[in-house]
Amino acid sequence: MTSNYSVRYIAHMVIETKTPMTVGASEKGLNLDKMVARDANLLPYIPGSSLAGVLRHTVAQLFPSLKIDNIFGAGGNEGYGSCILVSAAHLVLQDGKTVCDGLFDFDSNSAFLQRFQQLPYRDHVRIDQKGVAENQGKFDEEVLYKGTRFAFELELLCQETNDEVWNCILAACMHPAFRLGGGTRKGFGAIEVVKPLSFWKCFDLKNAAELIAYLEKSSSLNRHFHPANNMEKTGKEPFAQQKSYITYKLCLKAADKFFFFGAGYGDKEADKIIKRECYITWNDQHQASWVEEPQVLIPGTSIKGALAHRTAYHYNRLIHNTIPNENAPIDMSDADLEALLPVKQANVYAINDIDECKALLQLVQSLSLDDNFFTNRIKEKIESQSAGSAGNTSNPAVVALFGEAKNDDSSTGLAGRVFIGDVYVNFDKKSEKLFNHVKIDRFTGGGSDGALFQEKAYAYEAVIPVEIMVDQAAFGGDNGDKINEAFEQALTDLIKGLLPLGGMVAKGHGRFSGTWNKHFTN
């Protein structure tokens, strides 16, 4: 590789978060398990390494014909550096022009910036390999507001003019698959390039005038270079060679008016209330303002979890894969039964004859006795054997669509291919409904003493738009057609009211009706 890079492409990019975003700082707070990254001004920012890593991955996915190592560098003994330089992305202030770049002297009394001192947070529950919540697995993380804007600078070093590669890089930045931070598959990190405020320029350093202009260009994000090319007409040419995505657009309407997506806490009136969040809006003059009151939130992770569970069901149905019937005659090998035999301990002698064990198992089954050593061990074995094929997390359709965690060094893991954004619904205090409940004693069937509690559900009659983007690679392979059919059948169940969303679904809330359609995104 040569160091004679006489052509420099530079872009000033302004991006806006279309959903909340979390770029973690790898540290905990007093009340939160995960905090967002903050700069020297203690304001949220996006490290350049995060931008560069996501950009490399997105370019490689969208444009497989490009030699990605020649652009972003390669490691190893004969490795070489990247031709891409990416600055950190810093917060854009309320005027839409000023960037909190470097040690910024800002007004500490600014109402706009004070909102960033205490950010909203999200509650989560860790899910185990069976697809259910782990004991003591609750955690929470800080998130950035939807509508937050950042500015950063992107530079490409070339030996000669290379508009094709540059356009591919800009197209990747503007593609819906370009998402930043963590949790991008559960509603976070969707961004949009603010094209009127973004621009780029190519400097040919062999030209004396352009060389001087390049050397005089400031590294500050508040000092722009002109003349420049507007982003409105940039990055569209390479779309034809991109990998395709399918975008599903759902129009949902609460079938029974009420739904409930819990905040995890209550207020003075109820023990449980709906989740609400603030966000930022920008007018045509690119000036920011906050929504007057926190809006009702439908988290993308709530939609994702319900769809994943129902997709697993339909996929198993389509391939005729079911869990064995517990009432069917016991059919286990002698080796399996021998492994179930209890060991001899102290003066307690266990059954040690396989024929006697079989006879006892058949007797227990005929008596329908569930709470005993042998049947419990058999049930555990059946569950462990069927988890990989009929369970939720290891279900092939769930893995192909929603990914799989890397649990150890021997597993590779797989990122999810389904992107579901958070949805905000206009809040009206009059649409809240207080429901009173009494905890039921499971033994007597009557109300528990002192166990009255309240929940606030939300009534909403307007259409709720939901957009889901799926990488077509999820529908590849031998069973791709069945995975596609299972996923779309889950969507159909959702719009028919057969797949409720949120909490209190057993009490009649969270059922939706509506329509869905799909189109291909290049």
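The values are calculated or read from the model by the stated rules, or taken from the named source; none is laboratory data. Keep in mind that what you see is a predicted model, and the values were worked out from it rather than measured. Virtual Cβ from ideal backbone geometry, glycine too; neighbours counted across all protein chains shown. SASA here: full protein model, heavy atoms, side chains in, ligands and nucleic acids out. Shrake-Rupley method; radii C 1.70, N 1.55, O 1.52, S 1.80 Å.
Annotations for the structure displayed:
- Spin-label pair residue 481-residue 505: with each label point 7 Å from Cα along the Cα-Cβ axis, the two points sit 3.0 nm from one another.
- Semi-axes of the equivalent ellipsoid for region 148-262, Cα gyration tensor, largest first, Å: 38, 18, 12
- Length-normalised contact order for region 32-140 - Cα pairs under 8 Å, 6+ apart - percent: 24
- Largest to smallest accessible area among 161, 412 [probe 1.4 Å]: 412, 161
- Here each label is just a point 7 Å from Cα along the line to Cβ, and for residue 436 and residue 4 those points are 8.6 nm apart.
- Region 155-216 and region 416-475: distance between their alpha carbon centers, rounded to Å: 41
- Exposure of residue 515 as accessible area (Å², to 10), given a probe of 1.4 Å and all protein chains: 80
- Net charge of the neighbourhood of residue 147, taken over other residues with C-beta under 10 Å away and scored Lys/Arg +1, Asp/Glu -1, is +2.
- Virtual spin-label span in nm between residue 513 and residue 281, 7 Å along Cα→Cβ: 3.0
- Neighbourhood charge, 15 Å Cβ-Cβ cut-off, centred on residue 226 and excluding it, Lys, Arg +1 and Asp, Glu -1: +1
- Rounded to the nearest 10 square angstrom, residue 282 shows an accessible area of 40 square angstrom against a 1.4 Å probe.
- Note: relative contact order over region 402-511, using C-alpha pairs below 8 Å and six or more positions apart, is 19 percent.
- Where only C-alpha atoms are counted, convex hull volume of region 188-319 per residue in Å³: 257
- In Å², nearest 10: area of residue 417 left accessible to a 1.4 Å probe: 50
- For region 1-135, the spherically averaged projection of the C-alpha convex hull amounts to 13.7 nm².
- Across every pair of non-identical alpha carbons in region 241-294, the mean reciprocal distance, once inverted, gives a Kirkwood radius of 15.6 Å.
- Peptides 420-430, 437-447, 303-313 ranked from most to least packed, by the mean per-residue count of other Cβ atoms within 10 Å: 303-313, 420-430, 437-447.
- Between residue 97 and residue 135, the FRET efficiency estimated from the beta carbon spacing at R0 = 41 angstrom works out to 0.20.
- Structure note, pairs 257/507; 275/429; 18/433; 34/253; 275/507: Cα-Cα distances above 23 angstrom occur for 18/433; 34/253.
- Derived scalar couplings between HN and Hα for region 419-427 equal 10, 10, x, 5, 10, 10, 10, 4, 9 Hz in order, rounded to whole Hz, by the Karplus curve 6.51 cos²θ - 1.76 cosθ + 1.60 (θ = phi - 60°), x for Gly and Pro.
- Residue 210 sits among other residues whose Cβ lies under 10 Å from its own Cβ, and their net charge, with Lys and Arg +1 and Asp and Glu -1, is +2.
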